[in-house]
Amino acid sequence: MATESETFASADVDRFLDELRLIERDALVARLEAAGSRLASLAQRIPESPPPGDGWNPKQVLAHLAALSKLYGMLTYRVGTGALSAFDLMAMVNQRDAAGAALAQLPVAELVAMVQADHARTLAFARSASAEQWERRCRFNGERDMSAGEIFRLPLVAHVEQHLSQLEAALG
């Protein structure tokens with residue numbers, strides 16, 4: 001095997017890391033696509049009028065998925081494109097929660113369509129994002145920062161997967 005590290009320069013390391021970032025981005029895209037398929041399957045079993053009980057019912061979880069998909073998809077795009085360099089996350093989360101409560105009044109099919117449309121827009125950006133866009137950072141709450149890729153990975157993809165698992169458990 002040829003040794004390549006002897007000829008590696010700093011720019012080569014940067015190109016290599018960018019290549020790995022794009023590989024990770026593509027794996028995250030696949031995860032969100034798989035989550036969309038899981039949601040489509042689960043949605044068929046979500047009742048329009050769930051029985052009363054403690055905690056979130058499946059339709060409320062679906063409404064939350066619609067709200068978070070819109071919010072974190074938009075943030076991924078706006079941070080990645082450089083349109084947003086700082087934001088108040090808590091204010092946005094409060095708006096997301098209020099929107100989720102209103103969304104819970106919509107039919108299941110409409111909520112699923114909203115999630116799919118938001119994911120499609122976000123996936124289109126993610127697939128085309130350069131390593132530089134993926135790594136572009138944004139300050140939130142004046143004390144922390146995240147990259148567009150981190151927003152996509154944690155508050156969007158992992159959060160969607162978390163609630164899909166919650167739905168699976170609730171629907172049996």
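The values are calculated or read from the model by the stated rules, or taken from the named source; none is laboratory data. Since the model is a prediction, treat every value here as computed from it, not as a measurement. Because the Cβ atoms are built from the backbone with ideal geometry, glycine has one as well, and the counts that use them run over all protein chains shown.
Taking the stated definitions as given, is ALA35 modelled with pLDDT under 90 and among the aliphatic types (A, V, I, L, M)?
Against the criterion (modelled with pLDDT under 90 and among the aliphatic types (A, V, I, L, M)), ALA35 does not qualify.
Just to check your reading of the model, which residue among ALA102, ALA63 is buried (at least 18 other Cβ atoms within 10 Å of the Cβ) and in a helix (DSSP H, G or I)?
Numbers: ALA102 fails: buried (at least 18 other Cβ atoms within 10 Å of the Cβ).
Result: ALA63 is the single residue among ALA102, ALA63 that is buried (at least 18 other Cβ atoms within 10 Å of the Cβ) and in a helix (DSSP H, G or I).
From the residues in the stretch 5-31 that are of a type in the set (Lys, Arg) and closer than 16 Å to PHE152 by Cβ, which one is modelled with the lowest pLDDT? Walk me through how you get there before you give the answer.
Taking the stretch 5-31 and keeping what is of a type in the set (Lys, Arg), we get 15, 21, 25, 31.
Still in the running and closer than 16 Å to PHE152 by Cβ: 21, 25, 31.
On the way: ARG21: 90, ARG25: 95, ARG31: 98.
Restricting to residues being of a type in the set (Lys, Arg) and closer than 16 Å to PHE152 by Cβ, the top hit is ARG21.
Keeping to the stretch 112-154, report how many residues are in contact with a strand residue (DSSP E or B) (Cβ under 7 Å, 6 or more places away or on another chain) and of a type outside the set (Lys, Arg). Write out each step before concluding.
Looking only at the stretch 112-154, we keep the residues that are in contact with a strand residue (DSSP E or B) (Cβ under 7 Å, 6 or more places away or on another chain), and these are 134-140, 145-147.
In the following step, the residues that additionally are of a type outside the set (Lys, Arg) were identified as 134-135, 138, 140, 145-147.
Number of matching residues: 7.
For the stretch 121-157, give me the residue count where each residue is among the small types (Gly, Ala, Ser), over 21 Å from ASP88 (Cα atoms) and within 11 Å of the chain's Cα centre (by Cα).
First pass over the stretch 121-157, keeping only residues among the small types (Gly, Ala, Ser): 124, 126, 128-131, 142, 147-149.
Subset that is over 21 Å from ASP88 (Cα atoms): 124, 126, 128-131.
Among the residues that remain, those that are also within 11 Å of the chain's Cα centre (by Cα) are: 126.
Residues in the stretch 121-157 being among the small types (Gly, Ala, Ser), over 21 Å from ASP88 (Cα atoms) and within 11 Å of the chain's Cα centre (by Cα): 1 in total.
Which ones in the stretch 83-104 are touching a residue at least 40 places away in the same chain (Cβ under 8 Å) and of a type in the set (S, T, N, Q)?
Of everything in the stretch 83-104, just one residue is touching a residue at least 40 places away in the same chain (Cβ under 8 Å) and of a type in the set (S, T, N, Q), namely SER85.
Identify, please: which residue in the stretch 105-132 is outside any helix (DSSP H, G or I) and aliphatic (A, V, I, L, M) and is, among those, farthest from PRO51 (Cα to Cα)? Give the steps one after another, and end with the answer.
As a first pass, look at the stretch 105-132 and keep what is outside any helix (DSSP H, G or I): 105-107, 129-130.
With aliphatic (A, V, I, L, M) added as a condition, the list becomes 106, 129.
Numbers: LEU106: 16, ALA129: 43 Å.
Here the answer is ALA129.
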